[in-house]
1. So which residues in the stretch 52-97 are assigned to a loop (DSSP other than H, G, I, E, B) and closer than 13 Å to residue 38 by Cα?
2. What number goes with the only condition from (1) surrounded by 12 or more Cβ atoms within 10 Å (Cβ to Cβ); (2) within 28 Å of the chain's Cα centre (by Cα); (3) at pLDDT 70 or above that residue 20 does not pass?
3. Taking the options 103, 114, name whichever one is in contact with a helix residue (DSSP H, G or I) (Cβ under 6 Å, 6 or more places away or on another chain), surrounded by 10 or more Cβ atoms within 10 Å (Cβ to Cβ) and assigned to a helix (DSSP H, G or I).
4. Out of 130, 119, 142, I need the residue that is modelled with pLDDT of 85 or more, more than 22 Å from residue 24 (Cβ to Cβ) and part of a helix (DSSP H, G or I). Which one?
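The values are calculated or read from the model by the stated rules, or taken from the named source; none is laboratory data. This is a predicted model, so every value here is computed, not measured. Using ideal geometry, Cβ is built from the backbone for each residue, glycine included, and neighbour counts are taken over all protein chains shown.
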């Protein structure tokens, strides 16, 4: 399917602005030759074998990240958490299914880092509670001062 074949002329939102790599096809196309961004129809001329563009599939179209990758940034911003939640619920239903190998690897690889961040967050929360208790005590002590008229 080509961008021009779908009957809708989309304008480019520009290149990917996030620092994420949206290459879901694990495909970087190198020149020489031409490649078309099917989102907007722009034809990219790649001069030699060292120049390349990152391709991804989006809504059934081959999208060039350097051309229209921002459209995926927008979808991620608007839907990322919902997609994650849905995929995670599916993963929890059958965590040993072959399709979740990368999620299992990511969890195993991140486990100690996640545990450390949770520990830091708990310690920070506890320090805030201690500061809050100290502030309450100071306010109470100040209220006992007969010279304080506030």
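1. 59, 60, 69
2. (3)
3. That would be 103, the only listed residue that is in contact with a helix residue (DSSP H, G or I) (Cβ under 6 Å, 6 or more places away or on another chain), surrounded by 10 or more Cβ atoms within 10 Å (Cβ to Cβ) and assigned to a helix (DSSP H, G or I).
4. Going through 130, 119, 142 in turn, just one is modelled with pLDDT of 85 or more, more than 22 Å from residue 24 (Cβ to Cβ) and part of a helix (DSSP H, G or I): 119.
A quick yes/no check of all residues on (1) farther than 20 Å from residue 11 by Cβ; (2) assigned by TED's automatic domain parsing to the domain that holds residue 11; (3) touching a strand residue (DSSP E or B) at 6+ places or on another chain (Cβ under 6 Å); (4) exposed (fewer than 12 other Cβ atoms within 10 Å of the Cβ):
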| residue | (1), (2), (3), (4) |
| --- | --- |
| 39 | no, yes, yes, no |
| 53 | no, yes, yes, no |
| 56 | no, yes, yes, no |
| 60 | no, yes, no, yes |
| 63 | no, yes, yes, no |
| 79 | yes, no, no, yes |
| 82 | yes, no, no, yes |
| 86 | yes, no, no, yes |
